[in-house]
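These notes concern the structure reproduced below.
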């Protein structure tokens, strides 16, 4: 991020309501906060002197008390399939990662919500970092701002996707629901017309299953929900995902049934297929049974093998057989092949030790 501002307030940590409250603490009327909001997320705005509809005296007050954070000089790695991985330096020296995944009609940015992760999923490289700390709203939102600026800097036609970030998934480093307050503030900024102005249907928050926090997420935001399930029985899931020691599969799925799901939306269940662990016909049939009464779709994720971990990919034949059983049970099922594996940017591979 930017240089030391330990005694100043980062305005990108604030929703519009927070900005209104902040300017009130400086003796200013509420509309000043709304004016600031309209400037903060414009490309190229880094100084208060650029906010030309604010009085010069007030701009000076802002300069003395606050700042506008941004990421600079990211580590950038490009994959053979067009994906781009970004390593962003935080003020305390840590690094977080984001991955830009281009398609002809969209650019999906996978962002982080924590430095490291406390959840300990045995198939995920981020877990090897352990948990270090939560990201602030500004540190979350600035990932999108930095990638927007990266795309703006490229010559026309150089990037294989569109010229802007169109979709955001909270599927990078960390467990978003264990940083829920900051994630919710970041979602306000992402979806605000004066912020980054993304539609909620283009944003997905993924969780490994913090069942007790699902309701709050659904009540306070209408973004898409993805659940990392990855097993159909508690014994297997406990081995893969220690979170299952706190929230059983049945408890998690009951929370999904009670999730305040907007009309025409469905919960996405993510299921990593691991050879001889969770990929049998019986597993598929049990998955179909458990999800039958939940409005959902299923993403099957062929495992991205890592030399440091013992798991194996089941192979195409087994994956398609698993999918067929689910389709025959009238479920909507996709096979999602992760991108960016050659630069350790694929699902489950984000860990700053992998940065070159």
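Given the criteria touching a helix residue (DSSP H, G or I) at 6+ places or on another chain (Cβ under 6 Å) and more than 20 Å from residue 112 (Cα to Cα), does residue 248 qualify?
yes
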Test: residue in segment 53-60 that is in a strand (DSSP E or B) and over 21 Å from residue 147 (Cβ atoms): no
Residue among 249, 319, 277 that alone is at pLDDT 95 or above and in contact with a strand residue (DSSP E or B) (Cβ under 7 Å, 6 or more places away or on another chain): 319
Number of positions in segment 78-87 that are within 24 Å of residue 175 (Cα to Cα) and part of a strand (DSSP E or B): 4
Subset of segment 266-288 that is closer than 30 Å to residue 200 by Cα and out of contact with any helix residue (DSSP H, G or I) (no Cβ under 8 Å at 6 or more places or on another chain) - its residue that is surrounded by the fewest Cβ atoms within 10 Å (Cβ to Cβ): 266
Matching option when the condition is within 29 Å of residue 264 (Cβ to Cβ) and either surrounded by fewer than 20 Cβ atoms within 10 Å (Cβ to Cβ) or not assigned by TED's automatic domain parsing to the domain that holds residue 105 (or both), among 207, 212: 212
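The values are calculated or read from the model by the stated rules, or taken from the named source; none is laboratory data. Since the structure is predicted, the reported quantities are computational estimates derived from the model, not experimental observations. In this analysis, Cβ positions are derived from the backbone assuming ideal geometry, glycine residues included, and neighbour counts consider all displayed protein chains.
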